[in-house]
């Protein structure tokens with residue numbers, strides 16, 4: 001599903017309020033099917049408000065703006081938002097807080113039953129089992145457990161399983177690695193990489209973590225004051241040091257090191273991932289020593 005947003009405006013103020021401030025201020029952005037897309041910016045930049053438009057949780061203020069997601073035109077009053085939300089899954093910051101049911105199985109099955117009431121119990125169980133195993137958990141061991149008895153990492157995976165069980169084509173995650181230690185973060189992000197390869201066509205993450213975005217995303221958009229100030233590949237975006245610092249953000253460590261090396265007359269060309277950086281440095285200096 002291709003996502004096309006044109007000239008979108010949104011304000012939390014009432015319709016009659018004059019001189020209102022827009023949290024999303026004339027944003028236009030295209031996200032292609034298959035992208036692993038990063039949306040970055042400081043707190044209050046409008047990034048989280050923006051992504052909540054992608055499955056209709058928020059709607060353009062005063063009808064200003066156009067959003068089309070695949071076949072769904074969100075400006076059309078006849079748009080089936082229930083069908084749209086089965087295709088665009090939303091995972092909020094600290095997704096384990098989305099858990100609510102008595103058992104893991106019941107929690108993960110909720111979305112499937114809501115979106116596809118025609119499914120039989122055996123079909124639902126098969127779908128739930130696949131979702132739970134896809135996020136790296138043992139269905140037989142945890143299906144009948146209370147989700148609140150699980151570890152923090154397991155809770156987060158169960159929450160993700162509940163969102164992906166209806167097989168959305170787009171998965172939107174707001175600060176997916178928040179609160180995780182380095183090992184837990186790496187583990188969780190590898191899960192997202194697996195989901196992108198095998199389960200969900202398009203992933204969109206909102207993040208303050210520049211290293212995460214540089215490592216995993218193929219496209220990035222930088223928000224500031226409700227506007228997009230920079231977009232492109234991670235290399236294109238993070239090579240503009242002035243723009244990144246101007247938005248109150250830091251460079252990913254790989255791009256920072258590349259720039260500091262260049263200041264010392266050592267020209268190392270690479271992408272933004274750690275593997276690309278290490279490979280470029282080895283090539284520059286004639287391999288490992």
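Read-outs: derived from the displayed coordinates by stated rules, not from any lab. Everything quoted here is computed from the prediction, not taken from an experiment. Neighbour counts run over all protein chains shown; Cβ positions are idealised from the backbone, glycine included.
What the table below lists for this structure:
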{"read-out": "Gain in span if fully extended, residue 42 to residue 59, counting 0.36 nm per residue against the direct Cα distance", "value": "3.9 nm"}
{"read-out": "Relative contact order [Cα under 8 Å, 6+ residues apart], the chain, whole percent", "value": "23"}
{"read-out": "Residue order, fewest to most surrounding Cβ atoms within 10 angstrom, among 134, 254", "value": "134, 254"}
{"read-out": "Cβ-based exposure ranking for 174, 187, in which fewest neighbours within 10 Å come first", "value": "187, 174"}
{"read-out": "Separation in nanometres of the label points that stand 7 Å from Cα toward Cβ, at residue 267 and residue 245", "value": "2.3"}
{"read-out": "Diffusion constant of the stretch 1-139 at 25 °C, which comes from Stokes-Einstein with the Kirkwood Cα-pair radius and 0.890 mPa s, µm²/s", "value": "142"}
{"read-out": "Taking only Cα atoms of the stretch 154-202, radius of gyration then Dmax in Å", "value": "10.6, 30"}
{"read-out": "Inter-centroid distance (Cα atoms) of the stretch 208-258 relative to the stretch 6-42, Å", "value": "18"}
{"read-out": "Beta bridges by DSSP in the stretch 3-249, antiparallel share as percent, to the nearest 5", "value": "50"}
{"read-out": "Residue 12 paired with residue 190, simple spin-label distance in nm, labels 7 Å along Cα-to-beta-carbon", "value": "3.8"}
{"read-out": "Virtual spin-label span in nm between residue 102 and residue 278, 7 Å along Cα→Cβ", "value": "4.9"}
{"read-out": "Rounded D (µm²/s) - the stretch 3-249, Kirkwood Rh over Cα pairs, Stokes-Einstein at 25 °C, 0.890 mPa s", "value": "130"}
{"read-out": "Exposure proxy ranking, count of Cβ atoms within 10 Å, fewest first, for 217, 247", "value": "247, 217"}
{"read-out": "Value of Rg to Rh for the stretch 119-227 (Rh from inverse mean 1/r over Cα pairs, i.e. Kirkwood)", "value": "1.00"}
{"read-out": "Label zone at residue 149 (point 7 Å along Cα-to-Cβ), backbone N below 18 Å, the stretch 101-140", "value": "101-109, 137-140"}
{"read-out": "Between the stretch 133-178 and the stretch 65-105, the Cα center-to-center distance that results, in Å", "value": "16"}
{"read-out": "At 1.002 mPa s and 20 °C, Stokes D of the stretch 201-280 from Kirkwood alpha-carbon radius, µm² per second", "value": "164"}
{"read-out": "Cα shape, the stretch 42-105, gyration tensor, a/c 1.5 rule", "value": "oblate"}
{"read-out": "Extended-chain gain in nm, criterion 0.36 nm per residue less alpha-carbon gap, residue 201 and residue 66", "value": "46.3 nm"}
{"read-out": "Length-normalised contact order of the stretch 1-59 in % [C-alpha pairs under 8 Å, at least 6 apart]", "value": "33"}
